Amino acid sequence: MIIILAGGKSTRMGKEKPVLKIAGREMLLWVYEQTSKVGETLVALSKNTPKTKELCLREGIHFIETPGNGYVHDVQWLLRELGTFVSVASDIPFVRASDLALMMKELERRKLSLTGVLPLSRVPKGLKPAVYRGYAIVGLNAVAEEGEEFFELTNPLLALNVNTPEELELANRIAKLLRPKFL
């Protein structure tokens, strides 16, 4: 199962991120289009994302409502409720079905939690992703009861996590170039 995490407070953006539009289309729909190609997908919402809930209802997208007590708490809650899953943040609009398939395959093979990372050499210039132990941390993970290891991915656009108005503008510029490949 794939769960799109879309219940955050969006404090840096100041608005509900999953419903913000990139190239005229809600960011959540960019992610959902790719996840639904790979497997069963749920959107994890919370009290923080009422507009995202409306979007899911309008588009017929299945969702689950989490307690909304923060990322770690909600992921742990989802693990208890649903078992192992692949999580993808709703604010990485350029995730590809192939990225998700790789993570799912690795979760099935290894049965442990994996943090999606990119080597810093693959991060496009100008992006400032979260960095830990020499890797860019991306919003694509495997969530399981055991383990916690890095899993190296190759898609450089996973480094674009849309958290600020400037990153949203960059995503719009990139989407205009890539849109035919994603649709």
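The values are calculated or read from the model by the stated rules, or taken from the named source; none is laboratory data. Everything quoted here is computed from the prediction, not taken from an experiment. Cβ atoms come from the backbone with ideal geometry, glycine included; neighbour counts cover every protein chain shown. Calculation scope for accessible area: heavy atoms of the full protein, side chains included, ligands and nucleic acids excluded. Shrake-Rupley method; radii C 1.70, N 1.55, O 1.52, S 1.80 Å.
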Notebook entry, point to check: Looking only at residues in segment 44-71 that are open to solvent by 10 Å² or more (accessible area, probe 1.4 Å) and assigned to a helix (DSSP H, G or I), which one is nearest to Ser113 (Cα to Cα)?
Noted result: Tyr71
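Being in a helix (DSSP H, G or I) and acidic (Asp, Glu), is that true of even one residue in segment 8-26?
Kept after step one, since they are in a helix (DSSP H, G or I), are these residues of segment 8-26: 17-19.
Checking which are acidic (Asp, Glu) leaves us with none.
No, that holds for no residue.
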Note to self: Let me confirm something: among Ile22, Ile3, which residue is closer than 30 Å to Glu146 by Cβ and among the hydrophobic types (A, V, I, L, M, F, W, C)?
What the structure shows: Ile3
Notebook entry, point to check: Within the bounds of segment 143-159, is there any residue that is polar (S, T, N, Q), over 17 Å from Leu100 (Cα atoms) and touching a residue at least 60 places away in the same chain (Cβ under 8 Å)?
Noted result: no
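Condition test on Asp74, is it touching a Leu at 6+ places or on another chain (Cβ under 7 Å) and either at negative phi or open to solvent by 80 Å² or more (accessible area, probe 1.4 Å) (or both)?
The answer is no for Asp74.
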Checklist line | strands (runs of 3 or more DSSP E) within segment 78-167 that include 2 or more residues among the polar types (S, T, N, Q) and open to solvent by 30 Å² or more (accessible area, probe 1.4 Å) | finding: none
